[in-house]
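Only one structure is covered here, and it is reproduced in the block below.
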Amino acid sequence: NAGVTQTPKFQVLKTGQSMTLQCAQDMNHEYMSWYRQDPGMGLRLIHYSVGAGITDQGEVPNGYNVSRSTTEDFPLRLLSAAPSQTSVYFCASSGQFGEQFFGPGTRLTVL
Amino acid sequence: GESVGLHLPTLSVQEGDNSIINCAYSNSASDYFIWYKQESGKGPQFIIDIRSNMDKRQGQRVTVLLNKTVKHLSLQIAATQPGDSAVYFCAENLYIIQGAQKLVFGQGTRLTINP
């Protein structure tokens, strides 16, 4: 039981490049979400999903897309990276009304 | 809107002493709070939670107190150990729809343990 896994751990992009941050969980959780964490700040919600095929925006969704084709996976896509997206990204999952489990994070730098 | 804030960005304590980390919130309707511990290079880890129908909840070496009158909660760590060094976040857990949860985080307090 690996919990929540994220890949890659580190990534450097140039402005305008695209990439996908991967997130997977093996706990059969319906609810998954993406957060970003900037220096000296708490985490802010980007997008979330309450189940396969259902996604919605959090408080900072601009510049990010998500999809949820399976219960296990919830990738986060940056279509055209910008320096303002330099951050640490965390994926989380939980059962309904349950404790949220966080992945180890992806540290992204956009030059 | 929602707002959760911590009182101090850093806290240093002697090993073996008790630590108290404070947090304030603005929404009087808030009813569910969670404390997270984040070690360097890792994701947040659940410590303890409390709902608004309680004033106090205890775990292993940790206690959370909730004062709804002044909209304040605190995390107390007993007999602080080197392994307690981390950033601690309080978060308000909001239920959106269909069980979806939105965590609104405070800015965090970095706890440093002095030998």
Q) Of the conditions (1) crowded, with 21+ Cβ neighbours inside 10 Å; (2) touching a residue at least 40 places away in the same chain (Cβ under 8 Å), A:Val110 fails just one. Which one is it? A) (1)
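Per-residue answers, yes or no, for (1) acidic (Asp, Glu); (2) crowded, with 18+ Cβ neighbours inside 10 Å; (3) at pLDDT 95 or above; (4) not in a loop (DSSP other than H, G, I, E, B):
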{"position": "A:Gly16", "(1), (2), (3), (4)": "no, no, yes, no"}
{"position": "A:Asn28", "(1), (2), (3), (4)": "no, no, no, no"}
{"position": "A:Pro39", "(1), (2), (3), (4)": "no, no, no, no"}
{"position": "A:Ser69", "(1), (2), (3), (4)": "no, no, yes, no"}
{"position": "A:Tyr89", "(1), (2), (3), (4)": "no, yes, yes, yes"}
{"position": "A:Phe97", "(1), (2), (3), (4)": "no, no, no, no"}
Q: Report the residue count in segment B:37-51 for those that are closer than 15 Å to A:Ala92 by Cα and at the interface with chain A (Cβ under 8 Å from one of its Cβ atoms).
A: 5
**Q.** Only one of B:Tyr25, B:Tyr32, B:Tyr88, B:Tyr36 that is aromatic (Phe, Trp, Tyr) and more than 27 Å from A:Pro39 (Cβ to Cβ)
**A.** B:Tyr32
Q.
Pairs needed: first member in segment A:26-43, within 7 Å of chain B (Cβ to nearest Cβ); second member anywhere, of a type in the set (A, V, I, L, M) and assigned to a loop (DSSP other than H, G, I, E, B); C-beta distance under 6 Å; at least 6 residues apart or different chains.
A. A:Tyr31/B:Ala100
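The values are calculated or read from the model by the stated rules, or taken from the named source; none is laboratory data. For clarity, every value in this text was computed on a predicted model and none was experimentally measured. Note that each Cβ is placed from the backbone with ideal geometry, even for glycine, and that neighbours are counted across all protein chains shown.
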